[in-house]
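Notes for the one structure printed next.
The values are calculated or read from the model by the stated rules, or taken from the named source; none is laboratory data. All figures in this text were calculated on a predicted structure; none of them were measured in a lab. Cβ placement follows ideal geometry from the backbone for every residue including glycine, while neighbour counts extend to all protein chains displayed. Ligands, DNA and RNA are stripped out before the accessible areas are found, and what is left, the full protein with its side chains, is counted by its heavy atoms. Shrake-Rupley method; radii C 1.70, N 1.55, O 1.52, S 1.80 Å.
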2 protein chains.
Amino acid sequence: MNDATPKPEKSDGTVGRTLAVLDRVAEFGRPVRFAELLPVCDLPKATLYRFLQTLTNQGMLAFDEDRQTYRPGLRLVRLAHAAWAQSSLAPIAAPFLDQLSKETGQTLHLAQLDQGMVLYVDKRNASHPVEMFSQSGKVGPAYCTGVGKAMLAYLPEDALQNALTRQSFHRFTEHTLTDATSLRAELENIRKRGFAWDDEEHEPGIRCIAAPILSPQGRVLGALSITSGQPDGQKQLETYAPLILETAEKIAKAASDWRFPEQKRAD
Amino acid sequence: MNDATPKPEKSDGTVGRTLAVLDRVAEFGRPVRFAELLPVCDLPKATLYRFLQTLTNQGMLAFDEDRQTYRPGLRLVRLAHAAWAQSSLAPIAAPFLDQLSKETGQTLHLAQLDQGMVLYVDKRNASHPVEMFSQSGKVGPAYCTGVGKAMLAYLPEDALQNALTRQSFHRFTEHTLTDATSLRAELENIRKRGFAWDDEEHEPGIRCIAAPILSPQGRVLGALSITSGQPDGQKQLETYAPLILETAEKIAKAASDWRFPEQKRAD
DNA sequence: ATTTTAGTTCCAAATATTGAAACCGTGTTT
DNA sequence: AAACACGGTTTCAATATTTGGAACTAAAAT
C-alpha cells in the first residue's frame, strides 16, 4: 500500500481546472483582464472564456463591466467565514492570544500551513504597531518566516520534502536562507531548541520568535509568533520563549480537546 | 431585454453543482458527514461522493479522517482575502470607519448586499480592535436589519423585486416586519429620511441607525450602521444621523474615485 | 481605410460526467 | 452467531458535457 501510485496526475477534471483559474485571478491581487489571464492559465481562449463566465455567474468572481476586469467575488468571503471558523485554529486560539497579547504587549501572529505556504489566520497588534503586512487570509513564504520554519521543522519527511519543492527561496534580505540544505540545517536547530527565530530573514528590521503548535500525536497544527521591530529585539524576545511555548502548548491542548484539524494530504 | 428568458435555469454544469455542494457544507456551520449532506444536496450518492472528493483534494473542503466529516477548507480563507481586499468596500472604508469609531465610540458595521442577504465586510467594536473573518463574512437578513433596509431602499425596482423574493420574513421579534408590503412602506420612509432605523427588529434590545452608501450614479454600494444596546438608544443614535450620513458620503466618494464595485447581477 | 488586438461564438469530435447497482466494512438487531 | 442495516466506496456502460480550433465581431491603433 505504499504510494507506488502510477498516476501522479490528479487534475480533478473540469472543477479542478476552473478553480485553478480562480487562483490565478486571486494571485494578481488586482482586477485582471481576460488577456492578462490567458497567458498564465495555459488554457485555450474559448475554454478560459467559458470558465470565467461560469465563475462569474457563480459569484466566485465579479466582473467589472466598465473596465472589463475580473476579481474574486464576495461569495468567497461568505464561504471563508465558515472556513475560518471551522478549519482554522483561530477561534480556539483566540482567548490564548488575547492573554499573550496582554502579557507581552507585542504583535502576535497565528499561522497554519497551506500548500507549503504560511497562511496567517489571526493576529494581535502591538500597542505600538509595527510596520508590516499581514492579516487573516494573507499568505507568506514558509522558508523565511518564524512561523513557517517552526512548522516545517516538525513536518514528517515526506510532507517536508513536498513543502520544500514549493519554496521559491527568494532572497528577501541578506539573512534569508536561500537553499534547501541550509534550511534543513536550520530546521534541525529549531527542533533542538523547540522554537524558531526569524532574524530579519523576511523583512529588514523585523525579528520574531515562533513556536509550533503540535497535536498530541506530534502533528503540525500551526504556529504562533511574537514579533519585534526593535533593534534589540532578539534579547527581548528571548525572554518570551517560555511564555510562547507555554501558550502554544495550551492552544494545542485546547485544539485536540475539540477537534483535530486535518492536514492537507501531501498530494 | 427584459428577462423573458425561457431558461430560468442556469445550472452552470459540473462546476456549478459542485460549488453548490460547497455552500451546503458551509451552511451547516459545523463539520458534516456524508450522510447528512446527501438529503440536502439532491444528488445521487455516487455523484455527491465524487464532488466531495474533488472539493477535498482541491482544498476547498477539509476532511477529518477520524470523524469522517467535511468542513470548508483553508484555501477559501486565502481566496477570500483577495476577494475582501478587492471586491469589498472594507479597505476603502477603513480609515473612515476608524474615524467614526473614534468620534462615536460605538459599534459599527459595514455591509454589502450578496444574494439578497446582508454580508458584513467590516466592523468596529466598542472595545476590541479589528477582527477579520470573525465578523466579516458573516451574513444576516436584509429585511430586518438597519444596513439591509438602507440598501434595499435604494435598489432599482427589478433588483428589489428579486431581493424581496429571497427574504424569509421570519419574525425575530415583535417589531419585525413580516411581509413585503409593510417592508415596502418602510423603505419609502427610509428614502424620505435618507437613513434607516432598526428598532429591535432583529434582536431584542438592539437598535441601530444605518445609512446607504451610494455611488454618484445612485447605485447601492453598501451600507454603514451604528449600533446601540442602550434602552435610550434611539435618542442617542439620532444625534449621530448627520455624522453617519456624512461618513457614508465620504466612503462613496472614496470608492468611486478608485473603482466601482460591480453589483452582483440580479440573476 | 486598413490592420491589429481583444473578446465572443460555433460546432463536431473527444472526453468526462453520470448514477444505478453492486460492493464492502462495521456495528446492530434478532 | 447469523442476519441485517447503515454508511461509505467502487464499477462501468450510456450519455451529456466539455473541448478548443477556427471563424467572427467590435473596438482600437496605425
Kindly write out, for segment B:113-122 in residue order, the coupling ³J(HN,Hα) from the Karplus curve 6.51 cos²θ - 1.76 cosθ + 1.60 (θ = phi - 60°), rounded to whole Hz, with x marking Gly and Pro. 9, 9, 6, x, 10, 7, 10, 6, 10, 7
At residue B:179 and residue A:46, where each label point lies 7 Å from the Cα along Cα→Cβ, what is the point-to-point distance in nanometres? 5.3 nm
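Within 10 Å of each Cβ in peptide B:15-28, how many partner chain Cβ atoms are there on average? Round it to a whole number, please.
On the way: counts 13, 6, 1, 8, 10, 1, 0, 6, 6, 0, 4, 9, 1, 2.
Shielding by partners across B:15-28 averages 5.
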Sorted by accessible surface (1.4 Å probe, heavy atoms of the protein chains only), largest first, A:144, A:41 come out as A:41, A:144
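Tell me which DSSP H helices of chain B clear both cut-offs, 27 Å or more of axial length from alpha-carbon atoms and a mean Kyte-Doolittle hydropathy of at least 1.6.
Working: long enough: none.
Helices passing the filter in chain B: none found.
Which of rounded, prolate or oblate describes segment B:13-72 when judged by the alpha-carbon gyration tensor and an a/c cut-off of 1.5?
Rounded.
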Can you give me the relative contact order of segment A:88-258 as a percent, contacts being Cα pairs under 8 Å and 6 or more apart? 24 percent
Chain B, Gaussian network, Cα under 10 Å: of B:29, B:116, B:233, the residue fluctuating most is B:29
Connecting C-alpha atoms closer than 10 Å in a GNM of chain A, tell me which of A:187, A:110, A:74 has the biggest fluctuation. A:74
Among A:181, A:247, A:173: highest mean-square fluctuation, GNM of chain A, C-alpha pairs under 10 Å: A:181
What percent antiparallel are the DSSP beta bridges of the protein assembly as shown, to the nearest 5? 100 percent
Note, segment A:201-208: 3J(HN,Hα) by Karplus (6.51, -1.76, 1.60, θ = phi - 60°), whole Hz, Gly/Pro = x, goes 8, 10, 10, x, x, 9, 10, 8
Inter-part distance where segment A:32-59 and segment A:215-239 are each reduced to a Cα centre, Å: 41 Å
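Taking R0 as 56 Å, what FRET efficiency do you get between residue B:53 and residue B:235 from their Cβ-Cβ distance, rounded to the nearest 0.05? Walk me through the numbers on the way to the answer.
Numbers: r = 57 Å, r/R0 = 1.02.
That gives a FRET efficiency of 0.45.
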Using Cα pairs under 8 angstrom and six or more residues apart, how large is the relative contact order of segment A:109-208, in percent? 24 percent
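How many Cβ atoms of partner chains, on average, are near each residue of A:54-64 if near means within 10 Å of its Cβ? Please list the in-between numbers first.
On the way: counts 7, 4, 4, 6, 10, 8, 5, 2, 8, 3, 5.
Per-residue shielding by partner chains comes out at 6.
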At R0 = 22 Å, how high is the FRET efficiency between residue B:68 and residue A:217 if r is their beta carbon distance? Nearest 0.05 is fine. 0.75
Using a 7 Å offset from Cα along the direction of the beta-carbon, what are the separations from residue A:204 to the same position in each other copy, nm, ascending? 6.1
Nearest-10 value in Å² for the accessible area of residue A:166, using the 1.4 Å probe: 100 Å²
Using alpha-carbon pairs under 8 Å, 6+ residues apart, how would you state the relative contact order of segment B:13-72 in percent? 40 percent
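Which GluC sites (Glu not before Pro) does segment A:25-108 hold that lie in a coil by DSSP with at most 12 other beta carbons within 10 Å?
Working: sites: A:27, A:36, A:65, A:103; in loops: A:65.
When the GluC sites (Glu not before Pro) of segment A:25-108 are filtered for loop state and at most 12 Cβ neighbours within 10 Å, A:65 remain.
What full-extension length gain, to one decimal in nm, is calculated for residue B:245 and residue B:99 as 0.36 nm per residue of separation minus the Cα-Cα distance?
Details: separation 146, 0.36 × 146 = 52.56 nm, distance 1.36 nm.
51.2 nm is the gain from fully extending residue B:245 to residue B:99.
Rounded to the nearest 0.05, what FRET efficiency do residue B:162 and residue A:125 have when you use their Cβ-Cβ distance and R0 = 25 Å?
Values: r = 41 Å, r/R0 = 1.63.
That gives a FRET efficiency of 0.05.
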Net charge dipole size for segment A:13-77 [Lys, Arg +1 and Asp, Glu -1 on Cβ; Debye, nearest 20]: 80 debye
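Need one word for segment B:81-258: rounded, prolate or oblate. Basis is the Cα gyration tensor (sqrt eigenvalues a ≥ b ≥ c); a/c below 1.5 gives rounded, then a/b vs b/c decides. The partial results should precede the final answer.
Values: a/c = 1.41, a/b = 1.14, b/c = 1.23.
Note, shape of segment B:81-258 comes out rounded.
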